[in-house]
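S.K.: Please find one structure pasted underneath; my questions will follow.
The values are calculated or read from the model by the stated rules, or taken from the named source; none is laboratory data. All values reported here derive from a predicted model rather than from experimental measurement. Here the Cβ is made from the backbone with ideal geometry for all residues, glycine too, and neighbour counts use every protein chain on show. Areas reflect the complete protein model, heavy atoms only, side chains present, ligands, DNA and RNA absent. Shrake-Rupley method; radii C 1.70, N 1.55, O 1.52, S 1.80 Å.
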Amino acid sequence: MRYYYYENIRQLIRTLHRNYSTFDPFAIADYFGIEYKFIETSDAFHGETSYILGKPLLLINAKYIDSPYRFVVMAHELYHAIEHPGLVSYYTSGVSQKNKLEYEANKFTAALLLNFYTERTGNSPMYLEDLKNEFGIGDEFDEFYF
């Protein structure tokens, strides 16, 4: 099952790069016409995909506006907007469904940012710490790089 998710995500990332020539999640959102806003909110809030008149609106905590972690949150929410349209049903689904969707979004985030690191720096990361330092990625993403 894990392999299936990984291959679908790899294919999606290849397609996005082929179509938009970047791994930058903000640029990809712009190309898709997906709106995003940085909002003042509680520290516990990272981001959310909302819908207004059927169009996705990605909300990101304003505390990340100048933080490299904004790319982590954006990539995660971008995946939900692209692959889980109408995410409203997500909030009424069971715990196992939520975990599956979050796992997929985190896997996409990890893979996209690995490629984005190379795009930004011109080098592949030598160590996991390189990605953590570049984007503020937390330990919860470690499993996706091994």
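S.K.: Quick one, which of [x] 18.3, 71; [y] 14.7, 44; [z] 17.2, 57 is the actual Rg and Dmax of the Cα atoms in Å calculated for this model?
M.R.: This structure yields the entry labelled [y].
S.K.: How long is the gain from Tyr127 to Arg18 if the chain were fully straight, where each residue apart is worth 0.36 nm and the alpha carbon distance is subtracted? Walk me through the numbers before you get to the answer.
M.R.: Working: separation 109, 0.36 × 109 = 39.24 nm, distance 2.65 nm.
Between Tyr127 and Arg18, full extension yields an extra 36.6 nm.
S.K.: Could you please state how large a percent of the accessible area of the chain is carbon and sulfur, counting protein chains only and using a 1.4 Å probe? Before the final figure, lay out the partial values.
M.R.: Values: 4230 of 8100 Å².
Of the solvent-accessible surface of the chain, carbon and sulfur hold 52 percent.
S.K.: When the dipole is taken about the Cα centre of the chain, and only Lys, Arg (+1) and Asp, Glu (-1) are charged at their Cβ, what size is it in debye, to the nearest 20?
M.R.: That gives the chain a dipole magnitude of about 460 debye.
S.K.: Continuing with this model, one more query. How much length is gained if the chain between Ala27 and Asp142 is pulled fully straight, taking 0.36 nm per residue apart and subtracting their Cα-Cα distance, in nm to one decimal? Mind showing how you got there, number by number?
M.R.: Working: separation 115, 0.36 × 115 = 41.40 nm, distance 2.52 nm.
Computed gain between Ala27 and Asp142 is 38.9 nm.
S.K.: Here's something else I'd like to know. So what's the back-of-envelope 222 nm ellipticity for the chain, counting only DSSP H runs of four-plus at -39500 (n - 2.57) apiece and dividing by all residues, rounded to 500? Could the numbers behind the result be given before it?
M.R.: On the way: 5 runs with 77 residues, N = 146.
Counting only the DSSP helices, I get -17500 deg cm²/dmol.
S.K.: Within the chain, which whole H helices from DSSP have a Cα span along their axis of at least 20 Å and a mean Kyte-Doolittle hydropathy of -0.5 or more, if any?
M.R.: The qualifying helices are 69-83.
S.K.: Suppose each label sits 7 Å from its Cα in the direction of the beta carbon; what would the Glu119-Leu57 distance come out to in nanometres?
M.R.: 2.6 nm
S.K.: To continue, here is another question. I'd like the FRET efficiency for Asp43 and Asn99, computed as 1/(1 + (r/R0)^6) with the beta carbon distance as r and R0 of 25 Å, rounded to 0.05. The partial results should precede the final answer.
M.R.: Numbers: r = 23 Å, r/R0 = 0.93.
For R0 = 25 Å, the calculated efficiency reads 0.60.
S.K.: For a test of the definition: using alpha carbon positions, the gyration tensor, and the 1.5 limit on a/c, classify segment 101-142 as rounded, prolate or oblate.
M.R.: Details: a/c = 2.63, a/b = 1.56, b/c = 1.68.
The shape class here is oblate.
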